[in-house]
1. List the helices (runs of 4 or more DSSP H) that sit entirely inside the range 97-159 and contain at least 1 residues that are within 15 Å of residue 182 (Cβ to Cβ).
2. Could you tell me whether residue 81 is touching a residue at least 24 places away in the same chain (Cβ under 8 Å), over 14 Å from the mean Cα position of the chain (by Cα) and under 19 Å from residue 156 (Cα atoms)?
3. Looking at the range 133-168 only, could you name the residues that are within 19 Å of residue 106 (Cα to Cα) and β-branched (Val, Ile, Thr)?
4. Kindly establish whether residue 85 is out of contact with any His (no Cβ under 9 Å at 6 or more places or on another chain), surrounded by fewer than 21 Cβ atoms within 10 Å (Cβ to Cβ) and either among the polar types (S, T, N, Q) or modelled with pLDDT of 65 or more (or both).
5. Hey, can you tell me all the residues within the range 171-194 that are loosely packed, with under 15 Cβ neighbours inside 10 Å, over 18 Å from the mean Cα position of the chain (by Cα) and not aliphatic (A, V, I, L, M)?
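The values are calculated or read from the model by the stated rules, or taken from the named source; none is laboratory data. In this text, all values refer to a predicted model and were calculated from it rather than measured experimentally. Methodologically, a virtual Cβ is constructed for each residue, glycine included, from the backbone with ideal geometry; neighbour enumeration extends over all protein chains shown.
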Amino acid sequence: MSKLSTAKLKEMISGWLSKPEIRQELAHHTDGYGCRNEEELRKRIDDTAELFEFRKGCTPAELEEHIWKLWYDGMEDTRDLTPEMIEHYFGKDVVTIVKTLSKVPKEGYLERFESSVDWRPYVIKACDRLDNLRSLKGCAPDFVRKQCQETEEKYYSLFYRMIELTPIGYRARVDALFKELRIAKRDAERAVGS
């Protein structure tokens with residue numbers, strides 16, 4: 001893995017963000033990075049860059065988790081972010097998790113995901129789904145019902161597998177996450193009278 005300084009990381013990502021096609025896609029997909037706007041995305045990038053170089057109390061696992069969250073959905077939402085780029089700067093472990101989370105190609109996504117024996121992508125997917133369910137307020141009732149149905153029919157099996165794969169030391173937190181996800185689904189269904 002290449003050594004990447006804070007300045008180089010910020011420069012690389014700023015160059016990527018300055019491209020017109022990326023800026024246009026970000027206008028539609030900023031929420032894919034867990035941000036409401038470009039300013040929040042830039043803050044997240046700055047935080048990641050600082051963690052990358054200084055690691056003030058940050059374990060390598062926490063750093064990797066921050067990077068996965070930053071790049072989550074990045075390969076499907078942009079044409080400019082490649083698995084090779086992620087692997088070059090962040091290593092094989094990070095790119096493997098990002099590729100597991102990515103729906104590129106869309107065909108066979110859930111089957112590919114379920115073949116993963118690493119518990120960490122499942123946790124990120126569960127957090128993403130929880131955020132999606134909690135963000136449904138104000139959406140059309142049919143869309144809310146579709147999201148809730150999709151969560152149960154497509155993703156619950158992934159989340160049960162997540163619990164099976166999670167090491168004992170993290171099991172209580174993962175169980176609590178799945179419980180929160182079920183509560184968010186129930187609340188969304190109740191809000192639209194399902």
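1. Counting at least 1 such residues, we get 119-134, 141-150.
2. Criteria not met by residue 81.
3. If the condition is that a residue be within 19 Å of residue 106 (Cα to Cα) and β-branched (Val, Ile, Thr), then 151 is the only one that fits.
4. On the way: out of contact with any His (no Cβ under 9 Å at 6 or more places or on another chain): yes; surrounded by fewer than 21 Cβ atoms within 10 Å (Cβ to Cβ): yes; either among the polar types (S, T, N, Q) or modelled with pLDDT of 65 or more (or both): yes.
Yes.
5. Residues satisfying the conditions are 171, 175, 179, 186, 187, 190, 193, 194.
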